[in-house]
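Only the coordinates and a few stated rules stand behind these numbers; no lab work does. Just so it is clear, the model here is predicted, and its values are computed rather than measured. Don't worry about glycine lacking a Cβ; one is built from the backbone with ideal geometry, like all the others, and counts go over all protein chains shown.
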Amino acid sequence: MRMEMAMPATRSTQRMRTGSSGKRAINLSLSSDVLDAAKQLDINISQVCDTYLRELVRREQARKWREDHAEFIAAYNATVEAEGLPLEAWRSF
């Protein structure tokens, strides 16, 4: 079994999912035509921005985690390729 490059859930990513971190007001500049169209469509701009930014942050954290751990994962996968899985002799499936 090769190690996949997936970021483990951490306390900060769990907090982001639950929304327990609270909200803060910020200044944000948006294109006026898009803002007007969104308002006409009753789109919750704060919610859309928060949802998109949350997903962007999650993807960037995952990318950074993969980058930071790429050397270890490559070495682990090379070891598995060369030697097989650890404890494979005792595997029941």
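Miscellaneous remarks
- Potential lengthening of the chain between Ala62 and Ala82 amounts to 4.4 nm, from the contour at 0.36 nm per residue minus the alpha-carbon distance.
- Rough spin-label spacing in nm, given labels placed 7 Å along Cα→Cβ, for Lys23 and Glu55: 1.9 nm
- Spin-label model, Leu30 to Ala70: label points 7 Å out along the Cα-to-beta-carbon direction sit 3.5 nm apart.
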